[in-house]
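Encoded as structure tokens, the structure appears first; notes follow it.
The values are calculated or read from the model by the stated rules, or taken from the named source; none is laboratory data. For clarity, every value in this text was computed on a predicted model and none was experimentally measured. For neighbour counting, all protein chains shown are included, and Cβ atoms are generated from backbone atoms with ideal geometry for every residue, glycine included. Note: accessible area is taken over every heavy atom of the protein model, side chains too, but ligands, DNA and RNA are not part of it. Shrake-Rupley method; radii C 1.70, N 1.55, O 1.52, S 1.80 Å.
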Protein chains: 4
Amino acid sequence: MAQLAENTYGKSRVRLVKVRRSAQGHEISDWNIDIVFEGDYESCFVSGDNSKILPTDTMKNSVYSLARDSAADCIEGFAKELVDHFLGSPIAATKVRVEISEKKWQHVEVDGIAHPATFQQRDLDRHTTVVTRGRGGQFDVVSGLKNLVIMKTANSAFEGYIKDRLTTLPESSDRLFGTEVTATWNYRGSDLAFAELRATVKGILLSTFAEHRSLSVQHTLYAMGGAVLAAVTDVDEITLSMPNRHCLLVNLAPFGQDNPNEIFVPTDEPHGSIEARIVR
Amino acid sequence: MAQLAENTYGKSRVRLVKVRRSAQGHEISDWNIDIVFEGDYESCFVSGDNSKILPTDTMKNSVYSLARDSAADCIEGFAKELVDHFLGSPIAATKVRVEISEKKWQHVEVDGIAHPATFQQRDLDRHTTVVTRGRGGQFDVVSGLKNLVIMKTANSAFEGYIKDRLTTLPESSDRLFGTEVTATWNYRGSDLAFAELRATVKGILLSTFAEHRSLSVQHTLYAMGGAVLAAVTDVDEITLSMPNRHCLLVNLAPFGQDNPNEIFVPTDEPHGSIEARIVR
Amino acid sequence: MAQLAENTYGKSRVRLVKVRRSAQGHEISDWNIDIVFEGDYESCFVSGDNSKILPTDTMKNSVYSLARDSAADCIEGFAKELVDHFLGSPIAATKVRVEISEKKWQHVEVDGIAHPATFQQRDLDRHTTVVTRGRGGQFDVVSGLKNLVIMKTANSAFEGYIKDRLTTLPESSDRLFGTEVTATWNYRGSDLAFAELRATVKGILLSTFAEHRSLSVQHTLYAMGGAVLAAVTDVDEITLSMPNRHCLLVNLAPFGQDNPNEIFVPTDEPHGSIEARIVR
Amino acid sequence: MAQLAENTYGKSRVRLVKVRRSAQGHEISDWNIDIVFEGDYESCFVSGDNSKILPTDTMKNSVYSLARDSAADCIEGFAKELVDHFLGSPIAATKVRVEISEKKWQHVEVDGIAHPATFQQRDLDRHTTVVTRGRGGQFDVVSGLKNLVIMKTANSAFEGYIKDRLTTLPESSDRLFGTEVTATWNYRGSDLAFAELRATVKGILLSTFAEHRSLSVQHTLYAMGGAVLAAVTDVDEITLSMPNRHCLLVNLAPFGQDNPNEIFVPTDEPHGSIEARIVR
């Protein structure tokens, strides 16, 4: 007979814009929230017993109601509040996970001065967090970023790899290295200065990428993760996914032209995929 | 000091169209292939040693070269060939995973007859497989489907759930139930009639969805998975993800109209997310 | 001084699912509706006079209210009703345009029989219409389809084109010809059997594409449009956009293999773009 | 008989990355280019005569070859070069149009200093241009921007509109006003300082949006366009499309909470669509 193994349910893509108004001006939080419950829901699945189910519509309502009362100003803080809100209510879930992704809005500058109530959504990259807590357990806070699109036009080589009868890639001592970084890192605690820590981690990822003499994507990925662990003691481990956004050198020889690393075709597919988890 | 934990690398989104030509007509295979290597690549990450790295560009070339010689006519078969191609070459990977997603093309009918060399890409849903093998181990074949968008307009209710001060959802004894199914199932063997098995599994998922008296998404999801396990002995377990594509009943009362379950607003967000793994 | 030239306003992406229930079973209409007003709105733009503005929120409400009372069973019919609803109310618009795009749902088959209340959204392609009417004028009905993805694996050549110092494309007497058709055609009247006409037009487009001995995309596009005009007297003119979804023959020679028109890389970019309007 | 009316053909989504290297550091141009030919191609369509067709593959090659020799540092300049390259070759086209959309890369800062060879793609918005020239005619340069996502949290009202039996929208004297601006403006000449002009236009659009006491989207759109025309004599006319990215105030009353313009649900659909062309 069939049996239920793991199961989860929840609400995804709950979108929230919260405007904070003060004498100094306004601030916008623009968050996309996913809520996931895990627990003993076997009778719900097997026999359609709904008496244990908190509707996902109520999860959505909880986001908006809690947001009104919340003082949290970072995604980690609000995720923690949401997790404890649910764990504090009579539900069958033994574990609650809240994931938040943030779109950042910046004040528009008028004559060089930030306008207090006008915003532009400028950055492609998103800040993320996943906060989980089991009933009676501790918070687990994993923060991250995604869609961080970066490129090096110097100090990147790829040589000395395996050659076989199917190899056509030429070695390069000076290639473009473009990638779209997704990073997640585990915090050692749950009462940290998350916004400052995030800024520090992001700064290290960017500066290490910039300054590394890259022999391969793997080589740079490891350097980036290692630099974060070396500098930020509150981070336990970091996972990096760095797909290779290839820029292919165009062969201009048929047209009688050289191409001294100047003219490239950026391509979305196929692409290399490099991922690793780096620990202490 | 930082240490490398898990790591993978490979090539993603390698696209292949293969045309088979026979006296009876042509057939198209249209596949999107991801290749992932796992193994002892520590020196590559830590010190930029590329001598162990088979370039992802060569992985891509391998797909096309192998496709020319392959007799495989299903994604599981070609994935197995690719895995063994890589494991048979001198690489550091101890495990190779190949994932394939298939777009289906159907012959266009002209005057009711299938035209032998003209095709339409009709279906939204994709067939998928993930084939993995460790060096010296057995094939692990997990097939599936995604983007299967279905809807029930009868025999779907949602009542008797938890009500609290944040509940606003009205109970419904007759609601629309729309979802976009993602399913993966593990085969007990690796030398099976995959195409026929897939058709059987898909047929059971659809017919169970159609005939179930649904008390909740969870309830129907479990019935669908259970029916597959009951009927197909070659399947060991099945994982189903069935986000709730809500169709909200429009309140026409302000306009002096009733709405006897007829006029709905379909919405993409927020949406319920229900997932479970069902085993024997 | 600045002056207002053309202006339009309206509501876009109003989504409607309507379920028709009868003894024989249910049917689903799944429509995405855009409403556009054109008219004398200068004071609204110039001085913020809102007294002439019907809010776009009310346009949305009108869709749902009208849908409840409507007997229209095709997108052209409902678009006409909506246009006349707005023109019949005291608004400043002198012209109203309604665009509808339809997602098609098909009954799921259980044991070979269509289940009366269960549906699958199978087809990629969308049916479209644009209905416009000026105050006191006639309906203008332009129907169409989009996302119709088709491919020929025989009877397609491309030879004899201009060669110059920048040419690298080899001629081919037998290439794959893939495209994603967008078509719009103008009807001569507004009280026609739109569903049947649409099926006829689509059938002709597909069969002409299948049977044409194609010398270029242009050549086949014209044949397709011409065949519609030749067969369907209710159609005045037809506009076709047929981007070339290239499938590139893979060069397997470096691996010591031939490639007799069998192994291709499908690419999304760059792509050829061919468009034309064909009239009587 | 069928006749060819307008026709165009060309190459779309030709992607180019050009790296400029100097002693001061590198700069990246990342452009997406569409090329469109218009002309006497009737025999190509009607009888499959390819002798007049410059293959779209050659158009693509032309982009890369020309890019190598080009000194253009803005999209308008390169588009002009491409147009004249094609008009200067023996083709049947009587008019050539080149459209370019630019992704912007910014230098990554390391310790507050811009790194000379490391870049981040930060901004969502794209710079665009459309350059057209008929054989023997003048350049027509229409530049623009798209994906400029902005929001006002003060000085935006919407009141005094038409109310009828289908109205449910409450008036608001203080609402959020979010939009995604697409703008195109026509230049009076073709030898202008395009980069500086673009920066000026964009600055005016943003500052006018920020400072306007908005009575409606129409009202602010007109103010923005008018301000550009008033300040930039090189611009002849401007077309603005400003869909209303609604942020809906959440009703927290069922939960016993007020909502003083603080908690919103941002929605993608349906949305208002407001467009206008503003001339001198």
Too-long pairs where the Cα-Cα distance tops 20 Å, listed order kept, from B:18/C:152; B:104/B:152; B:104/C:18: B:104/B:152; B:104/C:18
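Calculate the mean, over all residues of peptide D:100-113, of how many other protein chain Cβ atoms lie within 10 angstrom of the residue's Cβ. Write down the numbers at each step before the final one.
Values: counts 0, 0, 0, 3, 0, 5, 0, 1, 9, 4, 7, 2, 0, 0.
For peptide D:100-113, the averaged partner shielding equals 2.
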In degrees, nearest ten, helix D:217-231 long axis to first principal axis of chain D (Cα): 50
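What's the longest piece of chain D with no exposed GluC sites (Glu not before Pro), counting a site as exposed if DSSP puts it in a loop and it has at most 15 other beta carbons within 10 Å? Please list the in-between numbers first.
Numbers: sites that count: D:159, D:171.
Result for the longest clean stretch: D:1-158.
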Go ahead and estimate [θ] at 222 nm for chain C from helices alone: -39,500 (n - 2.57) per DSSP H run with n ≥ 4, summed, over the residue count, rounded to 500. -7500 deg cm²/dmol
For residue B:22 and residue C:159, extending 7 Å from Cα along the Cα-Cβ vector and measuring point to point gives, in nm, a value of 2.9
If we hang a label 7 Å off Cα along the beta carbon direction at residue D:51, how far is it from the matching labels on the other copies, in nm, shortest first? 6.3, 6.9, 8.7
Karplus 3J(HN,Hα) series, Hz, for the range D:104-115 with 6.51 cos²θ - 1.76 cosθ + 1.60 (x for Gly, Pro): 9, 10, 10, 4, 6, 8, 10, 6, x, 10, 5, 6
Please give the solvent-accessible surface of residue B:113 in Å², to the nearest 10, using a probe radius of 1.4 Å with every protein chain present. 120
Cα centroid separation - the range C:99-113 against the range A:50-78, whole Å: 37
R0 of 41 Å, Cβ-Cβ distance residue B:106-residue D:1: FRET efficiency to nearest 0.05: 0.75
What figure in square angstrom, to the nearest 10, would you give for the accessible area of residue C:87 with a 1.4 Å probe? 30
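For peptide A:18-26, how many partner chain Cβ atoms fall within 10 Å of a residue's Cβ, on average? Mind dumping the intermediate values first?
Details: counts 3, 10, 2, 5, 0, 0, 0, 2, 5.
Per residue, the average neighbour count from other chains is 3.
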Got a sec? Charge dipole of the range D:127-225, +1 on Cβ for Lys and Arg, -1 for Asp and Glu; which of D:194, D:206, D:176 is way out at the positive end? D:194
Rough spin-label spacing in nm, given labels placed 7 Å along Cα→Cβ, for residue A:195 and residue B:94: 4.5
Nearest beta-carbon to the A/C symmetry axis - residue in chain A, distance in Å: A:268, 4
In nm, what does the list of distances from residue C:134 to its counterparts in the other copies look like, shortest first, when each label sits 7 Å along Cα to Cβ? 2.5, 7.3, 7.6
Check: C-alpha center the range A:18-42 vs C-alpha center the range B:125-149, spacing in Å is 36
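Can you give the average number of partner chain beta-carbon atoms within 10 Å of each beta-carbon in peptide C:63-71, as a whole number? Spell out each step's value before the answer.
Numbers: counts 5, 10, 10, 3, 6, 9, 3, 1, 0.
Mean number of neighbouring Cβ atoms from other chains: 5.
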Please list D:68, B:188 from largest to smallest accessible area, probe radius 1.4 Å, with all protein chains kept in place. B:188, D:68
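Once you have a ≥ b ≥ c as the square roots of the Cα gyration tensor eigenvalues for the protein assembly as shown, tell me rounded if a/c is under 1.5, and otherwise prolate or oblate according to whether a/b is larger than b/c. Provide the component values of the computation, followed by the final result.
Details: a/c = 1.11, a/b = 1.00, b/c = 1.11.
Rounded, because the longest to shortest axis ratio a/c is under 1.5.
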Residue C:234: accessible area at probe 1.4 Å, nearest 10 Å²? 50
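Treat chain A as a sphere of radius equal to its Kirkwood radius over Cα pairs and apply Stokes-Einstein at 20 °C in a medium of 1.002 mPa s; give the translational diffusion coefficient in µm²/s, rounded to a whole number. Walk me through the numbers before you get to the answer.
On the way: Rh = 22.0 Å.
The calculation lands on 98 µm²/s.
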Label distances, nm, residue A:20 versus same residue in remaining copies, Cβ-directed 7 Å point: 4.1, 5.4, 6.2
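Mind checking the range C:117-147 for trypsin sites (Lys or Arg not before Pro) that DSSP puts in a loop (not H, G, I, E or B) and that have at most 15 other Cβ atoms within 10 Å? Can you show the working numbers first?
Values: sites: C:122, C:126, C:133, C:135, C:146; in loops: C:122, C:135.
Those that pass, being in a loop and sparsely packed, are C:135.
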Explain nothing, just compute: Karplus ³J(HN,Hα) = 6.51 cos²θ - 1.76 cosθ + 1.60, θ = phi - 60°, for every residue of the range B:151-166 in order, whole Hz, x for Gly and Pro. 8, 10, 10, 8, 6, 9, 10, 8, 9, x, 7, 5, 10, 9, 5, 9
